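Asks: A single structure is presented below for examination.
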Amino acid sequence: MRRRRPIALVLLVLLVAASVSYTSGYTLDLVDGAGRPETGYALYTHRGYSLNPAHPVSYDAKRITVVRSDDNGRLTIPAAFHVHWPFPLQTHPRLWIAMIYVPRLHNAWARIVQHSPESEMGIWQMTTQNRAMVFDLSDRAERWHGTLSNLSFFMGQAVRDVDHSRAEPLLELIGHFRAEYNAFLVRHNDSPRPLPPMPPLFTDEEKRAWKAMVDADLSQRPTWGLEVRRLYAGEISNLANVEAGLRR
């Protein structure tokens, strides 16, 4: 019996080590193309992977969370402990920043995965491990539309998963989304939509079908104003209900 106790203790320690993990904190400084600090938001979680014989399956170890930077553009992601199924059933989660949004630059394109970010030239760029340069997209309708699309998608995830006691940054983000929508229409309402690039490796028949579909779409909504209203007008009208629900 006495021999079994140390063995049981060792097994318990191994089980805890395989089931409990720690993610250190992370800071990111946001600047514009001239290096000036920019206020922004990050939407993040801590993501790991579950064992699956067919393909990796991710899991989120905490709720999707929205944080706001300070006035000097510094985003701070706090450290966190996680409890999960023991490795290898689930890997230790790592920081996953799904979206960084800088309202003044109309830019919600940046994301940072597991502290190994990839820059997207002309839109945002990591100048160091903890500094992101974000560029103004207001004169590029297609990219600005991408900001609206990213805000819509990730806000929807956050609304479903939010801790209502920490909903204030998400409420601010919703207000910014409404402002982005209105500002886009003021700037690009009558701007023509471009022909999108054709997907590669299409057969001749698939190319003809794709072109007919795109031509029909552009003939119905030739301007960005018509397209953006189609995509987001209903969502914008429902924002008041969403905000009321978050404030309860």
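Asks: Listed residues Arg178, Arg160, Arg208; which is of a type outside the set (S, T, N, Q), closer than 25 Å to Thr65 by Cα and loosely packed, with under 14 Cβ neighbours inside 10 Å?
Replies: One residue alone meets the criteria, Arg160.
Asks: Among all residue pairs at least 6 apart or on different chains, which show Cβ distances below 7 Å where the first residue, located in the stretch 27-53, is outside any loop (DSSP other than H, G, I, E, B) and the second is among the acidic types (Asp, Glu) and surrounded by fewer than 14 Cβ atoms within 10 Å (Cβ to Cβ)?
Replies: Sorted first by the residue in the stretch 27-53, then by its partner, the list stays empty.
Asks: Of everything in the stretch 73-96, what is hydrophobic (A, V, I, L, M, F, W, C) and touching a residue at least 60 places away in the same chain (Cβ under 8 Å)? Give them in sequence order.
Replies: Phe81, Val83, Trp85, Phe87, Leu95, listed by residue number.
Asks: Then there is this: Please verify whether Ala18 is among the small types (Gly, Ala, Ser) and at pLDDT below 95, treating the condition exactly as stated.
Replies: In short, yes.
Asks: Give just the number: which of (1) modelled with pLDDT of 95 or more; (2) surrounded by fewer than 17 Cβ atoms within 10 Å (Cβ to Cβ); (3) aromatic (Phe, Trp, Tyr) does Tyr41 not satisfy?
Replies: It fails just one condition, (2).
Asks: I'd like the residue in the stretch 87-111 that is in contact with a Leu (Cβ under 6 Å, 6 or more places away or on another chain) and within 30 Å of Ser19 (Cα to Cα) and, out of all such residues, is surrounded by the most Cβ atoms within 10 Å (Cβ to Cβ).
Replies: Met99
Asks: Are there any strands (runs of 3 or more DSSP E) wholly within the stretch 57-158 with 2 or more residues that are closer than 18 Å to Val228 by Cβ and of a type in the set (Lys, Arg), and if so which?
Replies: Because the criterion is at least 2 residues that are closer than 18 Å to Val228 by Cβ and of a type in the set (Lys, Arg), no strands (runs of 3 or more DSSP E) in the stretch 57-158 meet it.
The values are calculated or read from the model by the stated rules, or taken from the named source; none is laboratory data. All of these numbers come straight from a predicted model, not from anything done at the bench. Cβ: placed from backbone, ideal geometry, glycine included. Neighbour counts: every protein chain shown.
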